[in-house]
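Asks: Just dropping this structure here.
The values are calculated or read from the model by the stated rules, or taken from the named source; none is laboratory data. Predicted model, so just to flag it, every value in this text is computed and none were measured. Reconstructed Cβ throughout: ideal geometry from the backbone, glycine too, with neighbour counts over all protein chains shown. All accessible areas refer to the heavy atoms of the entire protein, side chains included, with ligands and DNA or RNA removed. Shrake-Rupley method; radii C 1.70, N 1.55, O 1.52, S 1.80 Å.
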2 protein chains.
Amino acid sequence: MVRNRIRLSEVARAAGVSPATVSRAISQPDLLSPETLARVRRAADHLGYRPDAAARALASGRSMTIGAVMPTLDNAIFSKALQAMQAQLAGDGYQLLVASHDYSKAAEAECIRTLLARGVDGLILVGAERIAEAAQLLSQSGLPVVMTWCAPDGAPSVLVDNEHAGLLATRHLLGLGHRRIGVITGATRFNDRQRGRYRGVRRALEEAGLTLPPALACEQATTLAGGRMGCAQLLDLAEPPTAIVGGIDLIAIGCMVEAQARGLAIPADLSVAGIDDLDMSAHVSPSLTTVHVPTARIGTEAARMMVAILRDEPGPTTLTLPVDLIVRRSTGPAPARG
Amino acid sequence: MVRNRIRLSEVARAAGVSPATVSRAISQPDLLSPETLARVRRAADHLGYRPDAAARALASGRSMTIGAVMPTLDNAIFSKALQAMQAQLAGDGYQLLVASHDYSKAAEAECIRTLLARGVDGLILVGAERIAEAAQLLSQSGLPVVMTWCAPDGAPSVLVDNEHAGLLATRHLLGLGHRRIGVITGATRFNDRQRGRYRGVRRALEEAGLTLPPALACEQATTLAGGRMGCAQLLDLAEPPTAIVGGIDLIAIGCMVEAQARGLAIPADLSVAGIDDLDMSAHVSPSLTTVHVPTARIGTEAARMMVAILRDEPGPTTLTLPVDLIVRRSTGPAPARG
DNA sequence: AGTCTGGATGAAAGCGCTTTCACCAGAAGG
DNA sequence: CCTTCTGGTGAAAGCGCTTTCATCCAGACT
């Protein structure tokens, strides 16, 4: 408890004005005459005044805090989006309160509950799916919500066309002559982003008149280790794939590691493509062909949209960011049929 | 502004008690008789009461919020520590408010200022070094601070013996017969963790009667790309090293990628050791010899220590966590002198 | 001159909670 | 039987700020 802080009333006294005027100097400076404003500012600076956020929140009903609920921070795509969100929000005077739930829908609901209790002014979420309890909390709070990566129709959201991403990666492999294409995704049951990508892969195959044999699709943890395991599983098949699509780059990189550890050459023996375009994907060896997802921009745009909504500014409330294929060295022509 | 929320006074009315009693039911339940407590709880549950955090903070002077200032979230070691911190704090009813500054000391001070204004009850910081302004903010706030990774003597802290980590990695390479050992660290100027590790490397070399030629030490970004560039630089020397220590695993992995891209075999042609022990380090190929740093535990312990301090519980206020060498396949005997 | 506007400021009532202090049994002690 | 506790509860005063409403004073307009 720091009760030795300068209070607004002390600034008022020092500046010879009422507390109301000091308050206005902070939040609505254009209401004051330039001289008064300058006088108040001088007094505030001189005393080192810092408004108390809790008091402001209580009195105004706005906490100037936005909550973000992410699956995990332990993955560059989310931490990057978060970083961008924070930067954007900070510019508008908002603070970000972060919670993560490690891909558990129940924990996500709990995060939402906590953030609501904290009095956030809005919530930024990942994905569209949540348990009924969470949905109810959100709707009864009446707070603005911006969803990212995926969203139900009509809800304010910053999206990525996950299905298109899967489609692009797979079409690229098909174009190189691959016919036996494996896919390793994260758990699709709790992850609509991964599901969308998986759908894209299937669609590309269908376009080419192919179907995806169940054996060639597997789900793994969205980590490098998951990628290795998934790859091992696919390579151990009687008829292993000549190309693999990873649901995220981390999985794809894990694939490459596993394949290389088995003495396979990439892309000569196996082509690997990812989705995300992590920083590191350009630097692994061989560099990873992937579908670029503008992760940081998702964060920026979600933050921008949230602020616009809070300010009642008109504008589109759904935004779909483009994804595009980045061809690097991890994919190549399908080996001639043995 | 959600003014349709249930207020404490409504719960009080429903339960037939005073607001004070409801307040006590929430924060000091043992003061109430079991019957009253049960009655209040029932009323609160029934109405779906959620206390308003801002009002609690204002009235009590405690926000139940801890601020964490990290260099970046975009690095597994920090996001992991953060995740652990959050989990630990949540268990004690605290919330984590995160800020990151991207390795800028000025931005760090700004983060601290913002968090203080938000009324955090304590701060968890990384490293011991900050600009005077930040130090002043901290001391004049009078809030408890826990430092992590590095700290000046006496300050509450959860430490890692960075120098020892550098020492262990280097001794291991010396033990394998390497005499020409390169080191790639992050920028040591603004990063006392990296500086400690670097010191450890030098000390190990001195123990062995060797000195580190300036050409064999370089600083790079703490990323995979930085590792590649540093490695390229060292390998391009007239007399390249036979082994390289990376200041963090990401750099070490970048080294391996670069070396392999140049057709070198690891560890036959070049040994590489890192420090951190990222999850992925066990899964790259070859698996990385590294010094394990208990990253998640740093977060847990820092959180635990913070809560203990806030509760005035006695106990040690500095804790040094052990680091230990993990030998994997990226290091091997020095090649015979050519 | 007299009225009207509107810009600049102040007074004061909260925001929803915590916490001190007072109070009131009834138990314990003299 | 009266005092002294003590555990349980309530009354009420804030916590530091925002915001409505009222006030005041120029200047603009009739």
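Asks: Residues of the stretch B:223-240 being in a loop (DSSP other than H, G, I, E, B) and either among the hydroxyl-bearing types (Ser, Thr, Tyr) or open to solvent by less than 10 Å² (accessible area, probe 1.4 Å) (or both), which ones? Walk me through it before giving the result.
Replies: We begin by selecting, within the stretch B:223-240, every residue in a loop (DSSP other than H, G, I, E, B); these are B:223, B:236-240.
B:THR223 - this is the single residue of the stretch B:223-240 that is in a loop (DSSP other than H, G, I, E, B) and either among the hydroxyl-bearing types (Ser, Thr, Tyr) or open to solvent by less than 10 Å² (accessible area, probe 1.4 Å) (or both).
Asks: In the stretch A:299-320, what count of residues is obtained for those that are within 14 Å of chain B (Cβ to nearest Cβ) and open to solvent by less than 20 Å² (accessible area, probe 1.4 Å)?
Replies: The total comes to 1.
Asks: Here are some conditions: (1) on the phi > 0 side of the Ramachandran plot; (2) touching a strand residue (DSSP E or B) at 6+ places or on another chain (Cβ under 9 Å); (3) small (Gly, Ala, Ser). A:ALA215 meets all but one. Which one does it not meet?
Replies: Of (1) on the phi > 0 side of the Ramachandran plot; (2) touching a strand residue (DSSP E or B) at 6+ places or on another chain (Cβ under 9 Å); (3) small (Gly, Ala, Ser), only one is false for A:ALA215: (1).
Asks: Then there's this: For B:VAL126, only one of the following conditions fails: (1) facing chain A (nearest Cβ under 8 Å); (2) farther than 17 Å from A:MET85 by Cβ. What is its number?
Replies: Among (1) facing chain A (nearest Cβ under 8 Å); (2) farther than 17 Å from A:MET85 by Cβ, B:VAL126 violates only (1).
Asks: Go through the stretch A:275-298 and give me each residue that's within 14 Å of chain B (Cβ to nearest Cβ) and touching a Leu at 6+ places or on another chain (Cβ under 6 Å).
Replies: A:MET280, A:SER281, A:HIS283
Asks: Continuing with the same structure: Considering each of B:GLY186, B:GLY182, B:GLY177 in turn, give the residue that is touching a Gly at 6+ places or on another chain (Cβ under 6 Å) and not acidic (Asp, Glu). Even if it seems obvious, please write down each step before you answer.
Replies: Working: B:GLY182 fails: touching a Gly at 6+ places or on another chain (Cβ under 6 Å); B:GLY177 fails: touching a Gly at 6+ places or on another chain (Cβ under 6 Å).
The match here is B:GLY186.
Asks: Restricting the search to the stretch A:138-149, which residues are in contact with a helix residue (DSSP H, G or I) (Cβ under 8 Å, 6 or more places away or on another chain) and modelled with pLDDT under 90?
Replies: Scanning the stretch A:138-149 gives a single hit, A:SER141.
Asks: Now a separate question. Among the residues of the stretch B:56-69, is any touching a Phe, Trp or Tyr at 6+ places or on another chain (Cβ under 7 Å), among the polar types (S, T, N, Q) and at pLDDT below 95?
Replies: The first filter runs over the stretch B:56-69 and keeps only residues touching a Phe, Trp or Tyr at 6+ places or on another chain (Cβ under 7 Å), leaving B:64-66.
Checking which are among the polar types (S, T, N, Q) leaves us with B:65.
Imposing the further condition that a residue be at pLDDT below 95 reduces the set to B:65.
Yes, the stretch B:56-69 contains a residue that is touching a Phe, Trp or Tyr at 6+ places or on another chain (Cβ under 7 Å), among the polar types (S, T, N, Q) and at pLDDT below 95.
Asks: Let me ask something else. Anything in the stretch B:182-229 that is closer than 17 Å to B:ALA128 by Cα and of a type in the set (D, E, K, R)? List them, or say none.
Replies: Going residue by residue through the stretch B:182-229, those that are closer than 17 Å to B:ALA128 by Cα are B:186-199.
Correct list: B:ARG189, B:ASP192, B:ARG193, B:ARG195, B:ARG197, B:ARG199.
Asks: So, one more: Pairs please, first residue from the stretch A:257-274 and within 14 Å of another protein chain (Cβ to nearest Cβ) and more than 12 Å from A:PRO241 (Cβ to Cβ), second anywhere and of a type in the set (S, T, N, Q) and open to solvent by 30 Å² or more (accessible area, probe 1.4 Å), Cβ atoms under 6 Å, 6+ apart in sequence or on different chains.
Replies: Within 6 Å, the pairs are A:VAL257/B:SER285; A:GLN260/B:SER285; A:ALA261/B:SER285.
Asks: Determine whether A:VAL22 is over 27 Å from B:ASP121 (Cβ atoms) and within 16 Å of DNA strand C (Cβ to nearest atom). Break it down into steps so the answer makes sense when it comes.
Replies: Details: over 27 Å from B:ASP121 (Cβ atoms): no; within 16 Å of DNA strand C (Cβ to nearest atom): yes.
No.
Asks: Cβ-Cβ distance below 6 Å, separation of 6 or more or different chains: which pairs start in the stretch B:10-24 with a residue that is under 15 Å from B:ASP45 (Cα atoms) and end on one that is within 6 Å of DNA strand D (Cβ to nearest atom) and not in a helix (DSSP H, G or I)?
Replies: B:ALA12/B:SER18
Asks: Do you know which residues across the stretch B:87-110 are open to solvent by 30 Å² or more (accessible area, probe 1.4 Å) and either part of a helix (DSSP H, G or I) or facing chain A (nearest Cβ under 9 Å) (or both)? Break it down into steps so the answer makes sense when it comes.
Replies: Here is the first cut: in the stretch B:87-110, the ones open to solvent by 30 Å² or more (accessible area, probe 1.4 Å) are B:87-88, B:90-93, B:102-107, B:110.
Of everything in the stretch B:87-110, those that are open to solvent by 30 Å² or more (accessible area, probe 1.4 Å) and either part of a helix (DSSP H, G or I) or facing chain A (nearest Cβ under 9 Å) (or both) turn out to be B:ALA87, B:GLN88, B:ALA90, B:GLY91, B:ASP102, B:LYS105, B:ALA106, B:ALA107, B:GLU110.
Asks: Hey, another quick one. Mind telling me which of the residues A:ARG118, A:ARG130 ends up being outside the structural domain of A:ALA15 (by TED's automatic domain parsing), within 16 Å of DNA strand C (Cβ to nearest atom) and not aliphatic (A, V, I, L, M)? Give the steps one after another, and end with the answer.
Replies: Details: A:ARG130 fails: within 16 Å of DNA strand C (Cβ to nearest atom).
That would be A:ARG118, the only listed residue that is outside the structural domain of A:ALA15 (by TED's automatic domain parsing), within 16 Å of DNA strand C (Cβ to nearest atom) and not aliphatic (A, V, I, L, M).
Quick grid of which residues meet (1) outside any helix (DSSP H, G or I); (2) closer than 30 Å to B:VAL69 by Cα:
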| site | (1), (2) |
| --- | --- |
| B:ALA265 | yes, no |
| B:ASP269 | yes, no |
| B:PRO286 | yes, no |
| B:VAL307 | no, yes |
| B:PRO314 | yes, yes |
| B:LEU325 | yes, yes |
| B:PRO333 | yes, no |
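Asks: Having 1 or more residues that are away from DNA strand D (no atom under 12 Å from the Cβ) and open to solvent by less than 30 Å² (accessible area, probe 1.4 Å) is the bar; report the helices (runs of 4 or more DSSP H) wholly within the stretch B:1-86 that clear it.
Replies: On the way: elements: B:8-15, B:19-27, B:34-47, B:53-60.
By residue number, B:34-47, B:53-60.
Asks: Quick one: in the stretch A:12-54, which of the residues that are touching a Gly at 6+ places or on another chain (Cβ under 9 Å) and under 25 Å from B:GLN136 (Cβ atoms) is farthest from the other protein chains (Cβ to nearest Cβ)? Talk me through it step by step, then tell me what you get.
Replies: Filtering the stretch A:12-54 for residues touching a Gly at 6+ places or on another chain (Cβ under 9 Å) gives A:39, A:43, A:52-54.
Of the ones still in play, those that are also under 25 Å from B:GLN136 (Cβ atoms) are A:43, A:52-54.
Numbers: A:ALA43: 18, A:ASP52: 6, A:ALA53: 5, A:ALA54: 4 Å.
Top of the filtered list is A:ALA43.
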